[in-house]
Amino acid sequence: MHQIAYMPAPPAASSSASLDWALIVGIVALVIALPTLFFQIPQIVAAIRNLRLRHRLVLIGPQKAGKTSLWLYLNNKVVPDRITGTYGFQKRGRIVYDLTGEKTFYFRARELIDQGGEFPKSWEGVIRRYNPDGIIFVVDTSNRANEREQAKLLFEIYERLIGAVRYRIKLKGILILLNKFDIWGANPTDRDKVLKEYETSEFLAEIDKVKRLIGGVDVMYGCASLKFAAFRSENDQVLREFAELLSSSR
Ligand SMILES: Nc1nc2c(ncn2[C@@H]2O[C@H](COP(=O)(O)OP(=O)(O)OP(=O)(O)O)[C@@H](O)[C@H]2O)c(=O)[nH]1
Ligand SMILES: [Mg+2]
């Protein structure tokens, strides 16, 4: 004969008691976390802003300075020794470049326009048409030909745009990227020397005119070497600062 063993069902009260405890623990955790979350709001807002692909950037600068190299760099490509020159301009599409260090951070652009250095006369059309939020002025520190004339040209373009009826200039920042820094060497003294020279150059004075002309435009500059991986952390620091500058409100 089989005996049927009955397991008494657990009292209903104990399951509802554990549910109550879970609720209490949840509420206490929320109460503790709320003030912390509250103080994190500016960081959360900054992180959300950083996620938005809103900026349109134009790369400008003398021939062979490294504009197309910068686009390759932002796509995690190795910069080759020989690159075909860019004729006219190339729409390079969106950029999402991971700059995560201590915190998550991306260099993002909804569109990057790579403007060849050979025909500076075509810049005006590109700037008028795309009305960039930021310009990266790439300079070849080993060959300083043309840069002053080109900075002057940029000033004149914006001067004309200011006079143009119903043209709303979006430009918020100009990054002067002093590229090919590897040719100078890698130590901080060399870098200071290069930066000092540019600080006092007439070229910077021209760029500064753009800044004065359009209120709220920030100009920053930094050394870079897009071709050698050893310079990655320096390059990325410059890009991070520029992305922050573009994200800040005017
Ligand atoms: N040594 C050195 N060479 C570099 C660096 N960045 C780019 N180059 C080289 O510079 C040359 C020109 O680079 P590009 O990116 O084509 O220059 P660009 O500004 O797009 O030139 P255009 O399209 O003609 O206006 C290439 O041979 C690159 O390999 C760098 O940081 N250091
Ligand atoms: Mg190019």
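Mean separation of Cα pairs under 8 Å and 6 or more residues apart, divided by the residue count, gives the chain a relative contact order of 19 percent. The angle separating the long axis of helix 147-163 from the principal Cα axis of greatest extent in the chain is about 70 degrees. For the chain, the share of DSSP beta bridges that are antiparallel, to the nearest 5, is 25%.
The modelled label-to-label distance between residue 187 and residue 121, using points 7 Å beyond Cα along the C-beta direction, is 4.8 nm.
For the ranges 68-76, 90-98, what's the packing order if you count other beta-carbon atoms within 10 Å of each residue, average per peptide, and put the highest first? Each step should come with its number before you reach the end.
On the way: 68-76: 19.0, 90-98: 14.1.
Most protected by this proxy first, the peptides run 68-76, 90-98.
With a Förster radius of 22 Å, plug the Cβ-Cβ distance of residue 142 and residue 244 into 1/(1 + (r/R0)^6) and report the FRET value to the nearest 0.05. Each step should come with its number before you reach the end.
Values: r = 29 Å, r/R0 = 1.30.
According to the calculation, E is roughly 0.15.
Placing unit charges on C-beta atoms (Lys and Arg positive, Asp and Glu negative, everything else neutral), compute the dipole magnitude of the stretch 91-250 about its Cα centre in debye, rounded to 20.
Numbers: 28 positive and 25 negative charges, 164 e Å.
So the dipole magnitude of the stretch 91-250 works out to roughly 780 debye.
If I fit a long axis through the Cα atoms of helix 12-39 and take the longest principal axis of the Cα atoms of the chain, what angle between them do I get, 0 to 90°, rounded to 10? Relative to the chain, helix 12-39 is tipped by roughly 20 degrees.
For the chain, the residue among 200, 84, 222 whose Cα projects farthest onto the positive side of the dipole built from Cβ charges is 84.
Bear in mind that the values in this text are calculations on the coordinates, not laboratory data. Quick caveat, the model's predicted, so the values are computed rather than measured. Counting neighbours? That spans all protein chains shown, and the Cβs are built from the backbone with ideal geometry, glycine included.
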